[in-house]
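One structure is given here, and the rest of the page talks about it.
The values are calculated or read from the model by the stated rules, or taken from the named source; none is laboratory data. Nothing here was measured: the structure is a model prediction, and the numbers come from that model. All Cβ positions, glycine included, derive from the backbone under ideal geometry; neighbour counts span all protein chains shown. Just so you know, the surface numbers come from the protein's heavy atoms only, side chains and all, with ligands and any DNA or RNA stripped out. Shrake-Rupley method; radii C 1.70, N 1.55, O 1.52, S 1.80 Å.
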Amino acid sequence: MIHVYDRNRNAIIPGQKVMIAATGETSIAKAVHAEGLSPVEAERAKCVELQNTAERYIPFELIRLA
């Protein structure tokens, strides 16, 4: 399992509350789709799926809240 980290180097794990840095909107990390990616590639890929949105986010765009 590849770990991805937010802009403050906190691990993002499904079920955690996160904030989208650009908008301030909060959500819950639903899944991390990093299968087949190296750790470096996962850090730069749109691989974090949030609840209530179809869009995926780059881990650096997020801030873990809890």
Net lengthening on full extension, A66/T26 (0.36 nm per residue, minus Cα-Cα): 13.3 nm
Restricting the chain to GluC sites (Glu not before Pro) in coil, as DSSP defines it, with at most 14 other Cβ within 10 Å: E25, E35, E55
Accessible carbon and sulfur surface of the chain relative to its total accessible area, %, 1.4 Å: 52 percent
Computed [θ] at 222 nm, deg cm²/dmol, the chain (DSSP H ≥ 4; -39,500 (n - 2.57); rounded to nearest 500): -2000 deg cm²/dmol
Using distinct alpha-carbon pairs, which all enter the 1/r mean, Kirkwood radius of the chain in Å: 11.4 Å
Amide hydrogen neighbours beyond the local backbone of L65, cut-off 5 Å, H modeled: K17, V18, M19
Relative contact order (%) - the stretch 17-66, alpha-carbon pairs under 8 angstrom, separation at least six: 42 percent
Solvent exposure of the chain as accessible area per residue, Å², 1.4 Å probe: 62 Å²
